[in-house]
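The values are calculated or read from the model by the stated rules, or taken from the named source; none is laboratory data. The structure presented is a predicted model; accordingly, all values stated were derived computationally and were not measured. Backbone-built Cβ (ideal geometry, glycine too); neighbour counts: all protein chains shown.
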Amino acid sequence: DMSRNPVFDAMFILQNVEKQDIDLREIKVRPANFAHHISLFDITLIATEISGSICCEMEFSTEVFLKATIERWADHFIEFLHAALSTPETSLAQINILSDKEKQKIVFEFNKTQVEFAQKDVPFHRIFEAKAEEIPEHIAVIDNETEISYRLLNERANRLARTLQNRKGPKPTVAVLAKRSIDAIVGVLAVMKAGGVYIPIDSHYPKARIEYILRDSGADILLLQQELKHLISNLPESEMSPICLDDESSYEENSCNLNLSPAPEEPVYIIYTSGTTGAPKGVIVTYRNFTHAALAWRQIYELDRKPVRLLQIASFSFDVFSGDLARTLSNGGTLIVCPDETRLEPAEIYKIMNSQRITVMESTPALIIPVMEYVYRNQFKLPDLDILILGSDMVKAQDFKTLTDRFGQSMRIINSYGVTEATIDSSFYETSMGGECTGDNVPIGSPLPNVHMYVLSQTDQIQPIGVAGELCIGGAGVAKGYHHKPDLTQMKFTENPFVSGERLYRTGDRACWLPNGTIRLLGRMDYQVKINGYRIETEEIESVLLQTGLVREAAVAVQHDKNGQAGLAAYIVPSDVNTNALRAALTKELPAYMIPAHLIPLENMPLTLNGKLDRNALPAPNNVLSRPYTAPVNDIQKTMAYIWEDVLSMSRVGIHDSFFELGGDSIKALQVAARLAAEGWSMTIRDLFRYSTIQELCGHITPLASQADQGPVEGEAELTPIQRRFFGQVHAFHYHYNQSVMLFSEKGFNANALHLALRKITEHHDAIRMIFQRDQNGHVIQFNRGINHKDHELFGLYISDWIKASLEGAHLDEKLAAEETVIQSKMNVEKGPLLQAGLFKTAEGDHLLIALHHLVIDGVSWRILLEDLAAAYQQALEKQEIQLPPKTDSYLAYANGLTQIAESKQLLSEKTYWQTILDAHTAFLPKDIENVPDRLQMNSDAAAFVLSGDWTEKLLFETQQAYGTDANELLLTALGMALSEWAGHDQIVISTEGHGREGHVPNIDISRTVGWFTSIYPILLDMGIPEPFEDQLAYRIKTTKDMLRRVPNKGTGYGLLTHIGELRHKEPEVSFNYLGQFSKEKEAETFQLSYYKPRYEIAGEREREYELDINALITDGRLQVKAVYTQVFSKHSIECFMDRFHRHLIETIEHCSQKKAREKTLSDFSNKELTLSALSSIEDLVKDL
């Protein structure tokens, strides 16, 4: 800055010559005081002697200092002068420059955090047990496809706790070596319930580090998963008792809560962090510390006032993992474990956040910023996210401001600060605390409840506002100390001079108070660093480097690239060391986050004049690393090289250079992915790890798929095959053909919020606004209307208030049935609207009917619609702007896409397959009544059976291992046997349905699109058995599975081929549709299914398509099978058929669940010409080899 003085920036002037007035005869001269509008220096102190006193004047640059800062400095200067005069023998470091008022403000007002928590002495697991009793069936943890309720989690932890007690008695010390999973959480809770202390160990740690932690902790028991046993292969069996978390024999039978509450001051966990002595050190945290953290978070984040669905990302050995448990399980929330393979993929993280409706997320700035940049760049929404926490590292002020500007209106964005020694978090900051985010980094804010924070000088004096010192933490979070390190504990944990009986933890962080009572972090006072959220002692890495025996000298330093990103560089002597061998040696001792990005050999270490290491003279990695260079040869390689050079702060990157050897890591990989996305290319982090050079990687990146237009869709389209099939029926325009659901809320529905939610639903899901009309030639055209219509033109909402009528039982049923009949019949496919709703308010709660014409809805769409309705209603109820997840491609685009491929070669190649099915010799079902004049809906009847919960669970979870089948394939096998017995014939063709979303249309995403996508196609159920096969049931299961898996394109081509005249459709007598599982979890907080089931979805005057129509679905954990049939069958015949179906289904489930070894089937191989008999012959030939 050329405007500032290059030599010095502060000036002191003492004016000690007395000024006198000058008398020049008739002219009198006296000094004049002029205000200077330009400061020559940053700050100037002018002291002037006047009449025996000294008058001080401060002149300062307003570009550098605030007036309030100078006024405080002036007060400190006066206090200093008073102290120096009254006690001149006091050293400068001991002189107090704070007034009593300012000291009172800093020590007490800034730390006015006292809150009395009723549960402060209740162990965390007791709080969890109370939640398990209060909401037993609420989902506690979701881990990929597995989920566990509060009741089952509590019971499983109780059973394991008893095993721990039986093995080692009360208060066991237990190491937990596990992947982030339900198993790990069961293990942690079980240790608490047994009154013990747990030591979490990351399964990604090298074996040497795991062995050190196990020995140093003195663990009595090791809990681990069976797949991780190889990590402890070097430990003698006598050292500790291993128990497998995923072995049922490890769990006692008794699942009741244990009557054990450890004392608040007892240790609950030991977390190992990087140490200065070459080995990690264990921090002991108590039950009281941990409970306090849970209660503090509950208050500041208001976690007891809204649903908590927390995305768990932190490593298992990181204390934030324990914090995630506390924030979730103490508040009745759901913890969603982010899979390891997606923790660095912004696109995958967004999908999880969106689909799982995440409300709380905490991670490092290095991860959160790329994720939110991805969300913003793609104009996605996160309507459920309430709290976004950036923690474990400094946050750049500009990044925080960008996040706040983009997302601050819809969520709280928080910068949290904490250390393991003070139980995870100690302070938090959000923009509502006031003050601009000036400087490089965001403040760390104000202390949490019952936490005290001080900024102290080297002599433990309170530092004034704005003056740097060591940050020290007192209060309820301060840990017990370091495990087996009394000297270090005594040095770092000291008495609090400001609060009697309290201890301080000296963090080693440099900080200062800001005028508004928040704290700014300035860096470290030692060589400890934080890289990507991990606290690292560089001395530990230096010690391990020397222990390898490959180097004579080692120094580890933090190097910042031009973007301010920190990375580790290790400088080593001698210069001819084998860096590959050295890196390999480090990976055996240190976790990945502690391995330096750069290993830099030097001839000699730079030294100061005193012979000490001159860290400031260590060269930047880019200045000393040399390598062969191969230039990029095409545009994409040039783009990639430019991005790498910028992200890695390298002057030149060749196409054969390894990203990781140049200093790249997972966080820099995220930056590369974000930069590539801005250039229009998509790259996964996994690809960069797999293909680490530019030449390799460029073959695995793809053009970035464009997001669907988020505006309203309007226009015409051809009918899809399923819609054309519908309009081929008589009276298609006149008699309704709906799908509907009746919902219930005990609290009742707010009519205004419901109205707003329905409006948003119809605007967001374009297909709901569809109408169907005939053109001049009589062809039916679908037209998607826009959103510029009145509410009643887009949806119907009818409200009936029966609260005072005291309706009960049959009378309520009659009223609901009467209203349903009216509402269902209001559908008008030509004019709309095709969404009709009825709200029926009763004294016991409100019933809500949602009905849509089948032309715009299907089974998959209902899942999307109900999820969005719940979200929209809740946001409207809370008077928030309604924001729903981004739209995928429209139904209109899908319909037009089908038209374009109707005569493609790929489609025509399916014709032979379908013709074979239609030509199959098949039987007809025996009829009880011939020549029935019509098969109207009003004359149909129904029969049903419900599979027990135990058999349903076996169907879902214990049958796949036999032949690799799914539930639908086993249902069709049982159905085939029942139909074959009834018809007296081995072969029968039936009609079945697919969801139709995995078809021919390329480059289209309809995963969140509402519409009627269903594909209906024929399949041949062949129950015939060839001679050699003794196990007939096994043969039928395999045949059915292989038949279904060879259906081309999930059956979507059949309707297209019949439309263009390539196939002549023949309607089977029987239809079967398996609708899958319906879960109430996501919407249960807003509404649930009503006991009343809609009865009049299909107009009684409509003719049924099939003589026998069978639907199966799983709800409330039980399979429900319903058959609707026409008058050609007697009630007795259908009941006999359903009994057969039920019996064969149980037989099939039992057969599969009892098989232990997996048997391959034809569809497990690529050769489509292979027959089951041929496969069996091959197996016989090779089984004895």
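Structure data summary
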read-out	value
Residue that is farthest from E696 (Cα to Cα), among those in the stretch 647-658 that are under 32 Å from the mean Cα position of the chain (by Cα) and either touching a residue at least 60 places away in the same chain (Cβ under 8 Å) or buried (at least 23 other Cβ atoms within 10 Å of the Cβ) (or both)	S649
Residue match in the stretch 118-128 (condition: more than 30 Å from Y429 (Cβ to Cβ), touching a residue at least 24 places away in the same chain (Cβ under 8 Å), surrounded by 14 or more Cβ atoms within 10 Å (Cβ to Cβ) and in contact with a Lys or Arg (Cβ under 7 Å, 6 or more places away or on another chain))	yes
Residue satisfying all of: in the stretch 65-100; polar (S, T, N, Q) and not in a helix (DSSP H, G or I); farthest from I462 (Cα to Cα) among these	T87
Pairs, first closer than 13 Å to L448 by Cα in the stretch 297-311, second of a type in the set (G, A, S) and in a loop (DSSP other than H, G, I, E, B), C-beta under 9 Å, six or more apart	W297/S330; R298/S330
Residue among D941, D966 that is surrounded by 15 or more Cβ atoms within 10 Å (Cβ to Cβ) and among the acidic types (D, E)	D966
All helices (runs of 4 or more DSSP H) inside the stretch 876-981 with 1 or more residues being within 27 Å of C1152 (Cβ to Cβ), β-branched (V, I, T) and touching a Leu at 6+ places or on another chain (Cβ under 6 Å)	911-919, 949-957
Residue within the stretch 1058-1071 that is closer than 24 Å to A902 by Cα and part of a helix (DSSP H, G or I) present	yes
Among (1) modelled with pLDDT of 85 or more; (2) closer than 30 Å to G1061 by Cα - the single one T693 does not satisfy	(2)
Odd one out for G275, checked against (1) buried (at least 21 other Cβ atoms within 10 Å of the Cβ); (2) touching a helix residue (DSSP H, G or I) at 6+ places or on another chain (Cβ under 6 Å); (3) of a type outside the set (F, W, Y)	(1)
Residue, modelled with the lowest pLDDT, within the stretch 394-426, restricted to residues that are out of contact with any Ser or Thr (no Cβ under 6 Å at 6 or more places or on another chain) and part of a strand (DSSP E or B)	K396
Residue satisfying condition, being modelled with pLDDT under 90, in contact with a strand residue (DSSP E or B) (Cβ under 8 Å, 6 or more places away or on another chain) and of a type in the set (S, T, N, Q), within set S904, S909, S890	S890
Residue within the stretch 218-229 that is buried (at least 19 other Cβ atoms within 10 Å of the Cβ), out of contact with any helix residue (DSSP H, G or I) (no Cβ under 6 Å at 6 or more places or on another chain) and more than 28 Å from H483 (Cβ to Cβ) present	no
Top-ranked residue of the stretch 1146-1159 - restricted to ones that are of a type outside the set (A, V, I, L, M) and modelled with pLDDT under 80, ranked as surrounded by the most Cβ atoms within 10 Å (Cβ to Cβ)	R1158
Single residue of the stretch 707-745 satisfying the filter (touching a helix residue (DSSP H, G or I) at 6+ places or on another chain (Cβ under 6 Å) and hydroxyl-bearing (S, T, Y)) that is farthest from F1013 (Cα to Cα)	Y737
Helices (runs of 4 or more DSSP H) enclosed by the stretch 283-373 - at least 3 residues per element that are hydroxyl-bearing (S, T, Y)	287-301
Identity of the residue in the stretch 580-596, crowded, with 17+ Cβ neighbours inside 10 Å and over 20 Å from T273 (Cα atoms), that ends up modelled with the highest pLDDT	L582
Qualifying residue in the stretch 415-429 (condition: surrounded by 24 or more Cβ atoms within 10 Å (Cβ to Cβ), touching a helix residue (DSSP H, G or I) at 6+ places or on another chain (Cβ under 8 Å), farther than 14 Å from I300 by Cβ and not aromatic (F, W, Y))	yes
Given (1) modelled with pLDDT of 85 or more; (2) among the aromatic types (F, W, Y); (3) within 51 Å of the chain's Cα centre (by Cα), number of the condition F65 does not satisfy	(1)
Residues of the stretch 468-484 that turn out to be surrounded by 17 or more Cβ atoms within 10 Å (Cβ to Cβ) and part of a loop (DSSP other than H, G, I, E, B), as a count	6
Residues that are modelled with pLDDT under 85 and either among the aromatic types (F, W, Y) or surrounded by 19 or more Cβ atoms within 10 Å (Cβ to Cβ) (or both), drawn from the stretch 1036-1058	T1052
Verdict on L925 being out of contact with any Lys or Arg (no Cβ under 6 Å at 6 or more places or on another chain), of a type in the set (A, V, I, L, M) and surrounded by fewer than 21 Cβ atoms within 10 Å (Cβ to Cβ)	yes
Residues that are polar (S, T, N, Q), part of a helix (DSSP H, G or I) and either in contact with an Asp or Glu (Cβ under 9 Å, 6 or more places away or on another chain) or modelled with pLDDT of 85 or more (or both), drawn from the stretch 623-641	Q637, T639
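Results for (1) over 24 Å from D340 (Cα atoms); (2) without any contact (Cβ under 8 Å) to a residue 24 or more places away in the chain, shown as yes or no for each residue.
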{"position": "N158", "(1), (2)": "yes, no"}
{"position": "T173", "(1), (2)": "yes, no"}
{"position": "I199", "(1), (2)": "no, no"}
{"position": "H230", "(1), (2)": "no, yes"}
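Here's the yes/no breakdown for (1) free of Cβ contacts under 8 Å to residues at least 40 places away in the same chain; (2) of a type in the set (A, V, I, L, M):
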{"position": "S446", "(1), (2)": "no, no"}
{"position": "H452", "(1), (2)": "no, no"}
{"position": "C472", "(1), (2)": "yes, no"}
{"position": "A479", "(1), (2)": "no, yes"}
{"position": "H484", "(1), (2)": "no, no"}
{"position": "K492", "(1), (2)": "no, no"}
